[in-house]
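What follows is calculated from the coordinates using simple rules that are stated; it is not laboratory data. If you're wondering where the values come from, they're calculated on a predicted model, not measured in any experiment. Backbone-built Cβ (ideal geometry, glycine too); neighbour counts: all protein chains shown.
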Amino acid sequence: NGPGGCVMRSNRKYDSEFKREAIKLVVDEGRTIREVESSLGITHGVLKGWVQKHRDQQDPVKVSHASVEAELKHLRKENERLLREREILKKAVAIFSTDPNRYSGS
């Protein structure tokens, strides 16, 4: 038995039901790919391909709530980072605008 009492799979062939259940843990329950791979004993990197294929096959109208929430969280983090970067650039422009020759070495 592997982590969490799950049976570790040593072969690299997984049946379609096993794949569906693993994908469901990521897509519907919001668990990370690494977490699911580890708990189910799936070879590192394999589940990412399954999840991507699953998402490519889905009807865009039937996007799961969990995936929308995950994307929203990701976009909010990225937005925060971009806002911080913009503020830093504004400050840099203000500094260079006050005395353009100050940092030119002349």
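Taking the Cβ of residue 77 as the centre, find all other residues whose Cβ is under 12 Å away and add up their charges (Lys, Arg: +1; Asp, Glu: -1). Summing Lys and Arg as +1 and Asp and Glu as -1 gives +1. Distance between the pseudo-spin-label points of residue 54 and residue 88 (7 Å out from Cα toward the beta carbon): 3.6 nm.
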